[in-house]
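Down below is the structure, laid out as structure tokens.
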Amino acid sequence: MPYLDLITWPRRAHFDFFRQFDEPFFGLTVRVDATEAYQHCKATGQSFFLFYLHKCLVAVNATEAFRYRIEDDRVRVYEHIHASATIDRADGTFDFSYIPFATDFATFLTGAQAEITRIQSTTGLNVGVAGPDVIHFSAVPWLDFTALSHARNFKHPDSAPKISVGQLTERDGRWGMPVSIHGHHALLDGREVGEFVRAFETGLTIGVGD
């Protein structure tokens with residue numbers, strides 16, 4: 001199913017309505033429990049960032065609407081969605097990445113580490129590294145934010161979800177972090193964001209042994 005059948009799609013009217021907006025993205029911020037994932041990474045020495053990025057991608061790929069992209073007047077359904085995450089450098093700058101998704105964490109980790117190494121050995125900003133088959137992902141570990149907005153170029157066609165994760169903090173013996181999700185309203189609603197969040201939190205809880 002490379003493209004949705006817009007004639008039979010129940011959200012066709014919503015698609016036609018919201019895609020005409022100057023700003024069709026809506027955003028929600030929730031707090032996600034990451035206690036088991038954090039404790040697992042601390043005990044094993046794994047990268048917590050790459051661990052939760054992988055669980056995020058697992059949840060994205062399990063939520064069909066997060067794999068929708070607008071192409072001209074059609075909605076393409078991608079089989080797999082990858083990550084274009086911002087990666088920091090030692091000099092305080094960052095670059096955009098292309099980190100391929102793999103269901104197996106070890107395979108994902110190999111690809112992610114290679115991409116991080118590449119970026120940290122370069123300078124400048126590579127804005128063309130990823131196509132539409134990604135989520136735009138960023139980590140903001142310095143802030144326990146409650147809301148977040150994104151810089152947007154309205155002249156550039158864009159329907160990829162944007163997910164940001166904030167500072168990990170402890171409350172009442174549990175560790176959690178804010179997660180901001182922005183989605184194109186022509187493609188998804190709050191219901192699908194809720195589906196993604198539940199899948200993400202489940203992965204952080206039961207996926208620690210993967």
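Assorted remarks:
- Strands (runs of 3 or more DSSP E) enclosed by the stretch 125-187 - at least 2 residues per element that are at pLDDT 95 or above and either of a type in the set (Phe, Trp, Tyr) or under 16 Å from the mean Cα position of the chain (by Cα) (or both): 134-139, 162-165, 174-184
- Segments classed as strands (runs of 3 or more DSSP E), wholly inside the stretch 56-98, with at least 3 members that are under 12 Å from the mean Cα position of the chain (by Cα): 82-88
- Residue satisfying all of: in the stretch 151-199; hydrophobic (A, V, I, L, M, F, W, C) and open to solvent by 60 Å² or more (accessible area, probe 1.4 Å); nearest to residue 41 (Cα to Cα) among these: 175
- Considering the stretch 1-48, and only residues there that are within 23 Å of residue 199 (Cβ to Cβ) and of a type in the set (Asp, Glu), the residue that is farthest from the chain's Cα centre (by Cα) turns out to be 36.
- Filtered by the rule that a residue be farther than 21 Å from residue 87 by Cβ and touching a residue at least 12 places away in the same chain (Cβ under 8 Å), the stretch 39-58 gives 39, 40.
- Restricting the stretch 81-100 to residues that are more than 17 Å from residue 164 (Cβ to Cβ) and out of contact with any Leu (no Cβ under 9 Å at 6 or more places or on another chain), the residue that is least open to solvent (accessible area, probe 1.4 Å): 89
- Odd one out for residue 105, checked against (1) within 30 Å of residue 6 (Cβ to Cβ); (2) of a type in the set (A, V, I, L, M, F, W, C); (3) open to solvent by less than 30 Å² (accessible area, probe 1.4 Å): (1)
- Boolean, residue 106 is more than 13 Å from the chain's Cα centre (by Cα) and part of a helix (DSSP H, G or I): yes
- Residues of the stretch 108-118 that are in contact with a Ser or Thr (Cβ under 9 Å, 6 or more places away or on another chain) and surrounded by fewer than 21 Cβ atoms within 10 Å (Cβ to Cβ): 109, 113, 115, 116, 118.
- The requirement of being surrounded by fewer than 19 Cβ atoms within 10 Å (Cβ to Cβ), polar (S, T, N, Q) and in a loop (DSSP other than H, G, I, E, B) is not satisfied by residue 202.
- Residue match in the stretch 65-79 (condition: free of Cβ contacts under 8 Å to residues at least 40 places away in the same chain, within 24 Å of residue 114 (Cβ to Cβ) and hydroxyl-bearing (Ser, Thr, Tyr)): no
- Scanning the stretch 4-52 for residues that are surrounded by 14 or more Cβ atoms within 10 Å (Cβ to Cβ), out of contact with any strand residue (DSSP E or B) (no Cβ under 8 Å at 6 or more places or on another chain) and in a loop (DSSP other than H, G, I, E, B) gives 11, 46, 47.
The values are calculated or read from the model by the stated rules, or taken from the named source; none is laboratory data. Everything quoted here is computed from the prediction, not taken from an experiment. No Cβ is skipped: glycine too gets one built from the backbone with ideal geometry, and neighbour counts run over all protein chains shown. Accessible surface areas use protein heavy atoms only, side chains included; no ligands, DNA or RNA. Shrake-Rupley method; radii C 1.70, N 1.55, O 1.52, S 1.80 Å.
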